[in-house]
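Below is one structure, written out as C-alpha coordinates; comments come after it.
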Amino acid sequence: MKIIAHRGASGSARENATAAIKTAVKLGVTLEIDVRLTADGQLVVNHDPTLLRTAGDPRRIKKHTWEEMRHVRLIDGSPLLRLQDALRLIGSQEVVI
(Lines give C-alpha, C1' and ligand atoms only; values in the text may rest on other atoms or scores of the structure.)
Protein backbone atom coordinates (compact mmCIF):
# COMPACT_ATOMS: atom_id res chain seq x y z
CA MET A 1 0.00 0.00 0.00
CA LYS A 2 1.26 3.48 -0.90
CA ILE A 3 0.52 6.54 1.24
CA ILE A 4 0.03 9.74 -0.74
CA ALA A 5 -0.14 13.16 0.88
CA HIS A 6 -3.00 14.95 -0.89
CA ARG A 7 -2.03 18.54 -1.84
CA GLY A 8 0.99 18.09 0.38
CA ALA A 9 0.03 17.06 3.90
CA SER A 10 -3.03 19.29 3.66
CA GLY A 11 -4.54 17.96 6.87
CA SER A 12 -1.65 19.54 8.76
CA ALA A 13 -1.41 22.87 6.91
CA ARG A 14 -2.95 24.92 4.10
CA GLU A 15 -3.18 22.75 0.97
CA ASN A 16 -0.28 23.01 -1.49
CA ALA A 17 1.48 25.42 0.90
CA THR A 18 5.11 25.30 1.95
CA ALA A 19 4.27 23.85 5.39
CA ALA A 20 2.12 21.07 3.89
CA ILE A 21 4.87 20.12 1.46
CA LYS A 22 7.56 20.16 4.16
CA THR A 23 5.42 17.99 6.45
CA ALA A 24 4.85 15.41 3.71
CA VAL A 25 8.58 15.37 2.95
CA LYS A 26 9.37 14.88 6.64
CA LEU A 27 6.89 11.98 6.77
CA GLY A 28 8.60 10.41 3.75
CA VAL A 29 5.39 9.89 1.78
CA THR A 30 4.57 10.48 -1.87
CA LEU A 31 3.20 13.97 -2.44
CA GLU A 32 0.35 15.00 -4.71
CA ILE A 33 0.27 18.65 -5.73
CA ASP A 34 -1.79 20.67 -8.18
CA VAL A 35 -0.54 23.18 -10.72
CA ARG A 36 -2.02 26.00 -12.77
CA LEU A 37 -0.52 27.89 -15.69
CA THR A 38 -0.02 31.67 -15.52
CA ALA A 39 -0.49 33.97 -18.53
CA ASP A 40 3.26 33.90 -19.18
CA GLY A 41 3.60 30.12 -18.98
CA GLN A 42 4.79 29.66 -15.38
CA LEU A 43 3.38 26.72 -13.41
CA VAL A 44 2.15 27.66 -9.93
CA VAL A 45 1.07 25.27 -7.20
CA ASN A 46 -2.66 25.80 -6.65
CA HIS A 47 -5.67 23.52 -7.06
CA ASP A 48 -8.33 26.03 -8.10
CA PRO A 49 -8.33 28.29 -11.18
CA THR A 50 -8.56 31.30 -8.86
CA LEU A 51 -6.75 32.22 -5.65
CA LEU A 52 -9.98 32.98 -3.79
CA ARG A 53 -10.16 29.92 -1.54
CA THR A 54 -6.43 29.63 -0.80
CA ALA A 55 -5.41 33.28 -0.67
CA GLY A 56 -8.63 35.30 -0.46
CA ASP A 57 -7.75 36.78 -3.86
CA PRO A 58 -10.37 36.47 -6.63
CA ARG A 59 -7.92 36.69 -9.54
CA ARG A 60 -7.81 33.89 -12.13
CA ILE A 61 -4.28 32.53 -12.33
CA LYS A 62 -4.28 32.07 -16.11
CA LYS A 63 -5.03 35.76 -16.67
CA HIS A 64 -1.97 37.05 -14.78
CA THR A 65 1.78 36.76 -15.19
CA TRP A 66 4.10 35.31 -12.57
CA GLU A 67 5.37 38.84 -11.96
CA GLU A 68 1.81 39.81 -10.98
CA MET A 69 1.38 36.67 -8.84
CA ARG A 70 4.78 36.43 -7.16
CA HIS A 71 3.77 38.52 -4.14
CA VAL A 72 0.57 36.57 -3.40
CA ARG A 73 0.43 35.11 0.10
CA LEU A 74 -1.80 32.20 0.98
CA ILE A 75 -4.15 32.54 3.92
CA ASP A 76 -1.49 30.99 6.18
CA GLY A 77 0.98 33.71 5.12
CA SER A 78 3.18 31.45 2.99
CA PRO A 79 4.01 32.41 -0.59
CA LEU A 80 2.31 31.06 -3.67
CA LEU A 81 4.86 28.60 -5.03
CA ARG A 82 5.97 27.98 -8.58
CA LEU A 83 6.30 24.30 -9.43
CA GLN A 84 10.08 24.62 -9.56
CA ASP A 85 10.10 26.03 -6.01
CA ALA A 86 7.91 23.18 -4.75
CA LEU A 87 10.13 20.60 -6.45
CA ARG A 88 13.17 22.09 -4.70
CA LEU A 89 11.39 21.55 -1.36
CA ILE A 90 10.39 18.01 -2.35
CA GLY A 91 13.83 16.99 -3.50
CA SER A 92 14.08 13.37 -4.59
CA GLN A 93 10.82 12.29 -2.95
CA GLU A 94 8.14 10.89 -5.24
CA VAL A 95 5.55 13.44 -6.38
CA VAL A 96 2.33 13.20 -8.37
CA ILE A 97 1.42 16.39 -10.24
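The values are calculated or read from the model by the stated rules, or taken from the named source; none is laboratory data. Nothing here was measured: the structure is a model prediction, and the numbers come from that model. Here Cβ is always computed from backbone atoms with ideal geometry, including for glycine, and neighbour counts include all displayed protein chains. In case anyone asks, the SASA skips ligands and DNA or RNA and just uses the protein heavy atoms, side chains included. Shrake-Rupley method; radii C 1.70, N 1.55, O 1.52, S 1.80 Å.
Laid out as a table, the results:
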read-out	value
Residue-wise HN-Hα coupling along segment 56-66, computed from phi with Karplus coefficients 6.51, -1.76, 1.60 (Hz; x: Gly, Pro)	x, 10, x, 5, 7, 4, 5, 9, 10, 7, 4
Relative contact order of the chain, defined on C-alpha pairs under 8 angstrom at six or more residues apart (%)	28 percent
Rounded to 10°, Cα long-axis angle of helix 18-27 versus longest principal axis of the chain	10 degrees
Potential lengthening between residue 59 and residue 27 on full extension [0.36 nm per residue; Cα-Cα distance subtracted]	8.2 nm
Net charge of neighbours whose Cβ lies under 14 Å from the Cβ of residue 61, counting Lys and Arg as +1 and Asp and Glu as -1	+2
Calculated [θ] (222 nm, deg cm²/dmol) that DSSP helices of n ≥ 4 give over the chain, each run adding -39,500 (n - 2.57)	-6500 deg cm²/dmol
Solvent-accessible area, 1.4 Å probe, carbon plus sulfur percent, for the chain	54 percent
Highest-first arrangement of 20-32, 82-94, 41-53, where packing means the average Cβ count within 10 Å	20-32, 41-53, 82-94
Heavy-atom surface of segment 47-97, accessible at 1.4 Å and reported per residue (Å²)	60 Å²
Residue of 59, 73, 14 that the Gaussian network model of the chain assigns the largest fluctuation, springs spanning Cα pairs under 10 Å	59
Cα gyration tensor shape of segment 1-53, rounded if a/c is under 1.5, else prolate or oblate by comparing a/b with b/c	prolate
Virtual paramagnetic centre 7 Å along Cα→Cβ of residue 67, amide N under 18 Å, in segment 24-58	38-44
9 Å beta-carbon shell around residue 75, net charge (K/R +1, D/E -1)	+2
DSSP bridge orientation in segment 8-97 - percent antiparallel, rounded to nearest 5	80 percent
